[in-house]
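Novice: Structure in structure tokens, see below.
What follows draws every value from the coordinates through simple rules; no lab data is involved. Computed from a predicted structure; not experimentally measured. Reconstructed Cβ throughout: ideal geometry from the backbone, glycine too, with neighbour counts over all protein chains shown.
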């Protein structure tokens, strides 16, 4: 690591680690043993103390896992792991595409196996300790196998296509970006119909008051709802959620069974009205456009840093101890080089996301004629998920896609006064 590019990447990775560490420490310091007035009646003293303990354990565990991941990366890099792996695979005489698939596949598999013990501990120790985990060892193992198989079946052909494009097509970054964007859009269509059912059971909601009122609200909002499902979220966790899927005139909604179990009809309608608000305010389309544009920038820059005639490409590969410039190794190295920019884009995306959450909350309050139902639902969700009620502003700014719960409730209370 004796060139300037290597030093820049190392310094950037250490800086990002330090920023995350500071954010976690500030969150821990901001924990307030006094229950906020807004949540009295939802939390008792025991549950509030438990939520703070959950935050402490989660933040500290996050520090440990982040430190571990960074250490593994730097040790592998310092020992010449990238260069050794590339040289070894090239010795088999495979094509650039096959070599690239195996190169990234080995790195992915190695990373998965090295992080598996931490996933197991998080699921069966931390989540179990706080009463969230419902996953059996068998379900966990099957999920891991299914996830790996899906990653291979879906990811490897896309990776092969990108490698081939960069090796055989003019203006490769543009065509690679178009291929990747098409893949993203295809996954948005396939995921709810073919992929998610591989992991969870989706049952049509039974006829009754809830289903009728959901349909009535959808009609009121001019929301093209075609299917309402209940998902067996309790198979893995006691945490709750709801989400919409689908394109155009065929929207589907899925509610976790835990959400239905813990909330009344008006509260559930508040949660769903919030989700409909994202659709009506065109937040989904805005986020999709942002993602597509960001991906275009990434592929354009990737083309520059893997150009074999570029002096910077040579320096980048020298930094990682890899002799031959290739798109597949360049993809890995570029993601590390791009980390600071990715963090900044993430911050900007979170700022926009928090703004969208306020807008969706306001829409839900307007549709229901009162913010009270959503307020009650959000309070219950916060208590059920043992949310941190007093996060520090710095980690909120850096990493939170949703505003802190107490800030959301204050904004909703302001709507009552209008």
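Novice: Among DSSP beta bridges whose residues both lie in the chain, state the antiparallel percentage, nearest 5.
Specialist: If we restrict to bridges inside the chain, about 55 percent are antiparallel.
Novice: Which number comes out as Rg/Rh for the chain once both Rg and the Kirkwood Rh are worked out on C-alpha atoms?
Specialist: 0.98
Novice: Going by C-beta contacts inside 10 Å, put 402, 171, 229 in order with the fewest on the left.
Specialist: Lowest to highest Cβ neighbour count: 171, 402, 229.
Novice: Just grab the label-to-label distance for residue 53 and residue 15, each label 7 Å out from Cα along the Cβ direction, in nm (one decimal).
Specialist: Result for the modelled spin labels: 4.0 nm.
Novice: From the C-alpha gyration tensor of the stretch 231-314, pull out the three semi-axes of the equivalent ellipsoid (sqrt of 5λ each), sorted largest to smallest, in whole Å.
Specialist: 41, 17, 10
Novice: Right, another one. Relative contact order of the stretch 245-343: what whole-number percent is it, with Cα pairs under 8 angstrom and at least 6 residues apart? Intermediate values should be presented prior to the final figure.
Specialist: On the way: 34 pairs, mean separation 13.4, N = 99.
Over the stretch 245-343, the number comes to 14 percent.
Novice: Let me ask another. Specify the angular offset, from 0 to 90 degrees and rounded to the nearest 10, of the alpha carbon long axis of helix 405-416 from the longest principal axis of the alpha carbons in the chain.
Specialist: Between helix and principal axis, roughly 50 degrees.
Novice: If you average 1/r over all unlike Cα pairs in the stretch 128-211 and invert the result, what Kirkwood radius do you get in angstrom?
Specialist: One decimal place: 16.2 Å for the Kirkwood radius.
Novice: Follow-up question, since we're still on this one. So if each residue of separation counts as 0.36 nm, and I subtract the Cα-Cα distance between residue 69 and residue 287, what length gain in nm does that give?
Specialist: 75.6 nm
Novice: From Cα coordinates alone, what are the radius of gyration and Dmax values for the stretch 74-127 in angstrom?
Specialist: Rg and Dmax of the stretch 74-127, Cα atoms, are 15.0, 47 Å.
Novice: In addition: Give me the percent of DSSP beta bridges within the stretch 207-303 that run antiparallel, rounded to the nearest 5.
Specialist: 40
Novice: I would also like to ask the following. Using just the alpha carbons, could you tell me how many Å³ per residue the convex hull of the stretch 366-418 encloses?
Specialist: Dividing the Cα hull volume of the stretch 366-418 by its residues yields 90 Å³.
Novice: Give, to the nearest whole percent, the P(r) tail of the stretch 2-151 beyond 29 angstrom, counting all Cα pairs. Kindly include the intermediate steps, with their values, before the conclusion.
Specialist: Values: 4571 of 11175 pairs.
Of the Cα pairs, 41 percent sit more than 29 Å apart.
Novice: Please compute the Kirkwood hydrodynamic radius of the stretch 300-418 from all pairs of different C-alpha atoms, in Å with one decimal.
Specialist: Details: mean 1/r = 0.0566 Å⁻¹.
Answer for the stretch 300-418: a Kirkwood hydrodynamic radius of 17.7 Å.
Novice: Remind me, relative contact order of the stretch 260-418 in percent, using alpha carbon pairs under 8 angstrom and six or more residues apart?
Specialist: Here the relative contact order equals 32 percent.
Novice: On to the next question. Taking only the Cα atoms of the stretch 217-375, how large is their convex hull per residue, in Å³?
Specialist: 152
Novice: Then there is this: Between residue 187 and residue 25, what is the spin-label point distance in nm, taking each point 7 Å from the Cα along the Cα→C-beta axis?
Specialist: Label-label distance for residue 187 and residue 25, simple model: 3.5 nm.
Novice: What distance in nm lies between label points placed 7 Å from Cα along the C-beta direction at residue 415 and residue 335?
Specialist: The two pseudo-label positions are separated by 3.9 nm.
Novice: Quote the relative contact order of the chain in percent (integer), defining contacts as alpha-carbon pairs under 8 Å separated by 6+ residues. Write out the running numbers ahead of the final one.
Specialist: On the way: 420 pairs, mean separation 98.8, N = 418.
Contact order relative to length: 24 percent.
Novice: As a test of the formula, what do you get for the chain when each DSSP H run with n ≥ 4 contributes -39,500 (n - 2.57) and the sum is divided by the residue count, at 222 nm and rounded to the nearest 500 deg cm²/dmol?
Specialist: So the helix-based figure for the chain works out to -22500 deg cm²/dmol.
Novice: Test of understanding: express the Cα radius of gyration of the stretch 188-279 as a ratio to 2.2 N^0.38 Å, with N the residue count.
Specialist: 1.02
Novice: How far is helix 4-30 tilted, in degrees, relative to the longest principal axis of the Cα atoms in the chain, given as a value from 0 to 90 rounded to the nearest 10?
Specialist: Taking Cα atoms only, the helix is inclined about 20 degrees.
Novice: Between the stretch 195-261 and the stretch 333-398, how many Å separate their Cα centres?
Specialist: Centre-to-centre distance over Cα atoms comes out at 22 Å.
Novice: Using only the alpha-carbon atoms, what does the stretch 116-265 span along each of its principal axes? Please give whole angstrom values in decreasing order.
Specialist: Dimensions of the stretch 116-265 along the principal axes of its Cα atoms: 58, 45, 19 Å.
Novice: Rounded if a/c is under 1.5, else prolate if a/b beats b/c, else oblate: with a ≥ b ≥ c from the C-alpha gyration tensor eigenvalues square-rooted, which is the stretch 344-390? Show your work: numbers first, answer last.
Specialist: Details: a/c = 3.97, a/b = 1.29, b/c = 3.09.
Oblate shape, in that a/c is at least 1.5 and b/c is the bigger or equal ratio.
Novice: As I understand it, the value is the acute angle between the Cα axis of helix 327-337 and the longest principal axis of the Cα atoms of the chain; what does it come to in degrees, rounded to 10?
Specialist: On a 0 to 90 degree scale, this one is about 60.
Novice: Bin width 10 Å, origin at 0, all Cα-Cα pairs of the stretch 23-99: what percent of pairs per bin?
Specialist: 15, 25, 18, 14, 13, 11, 4
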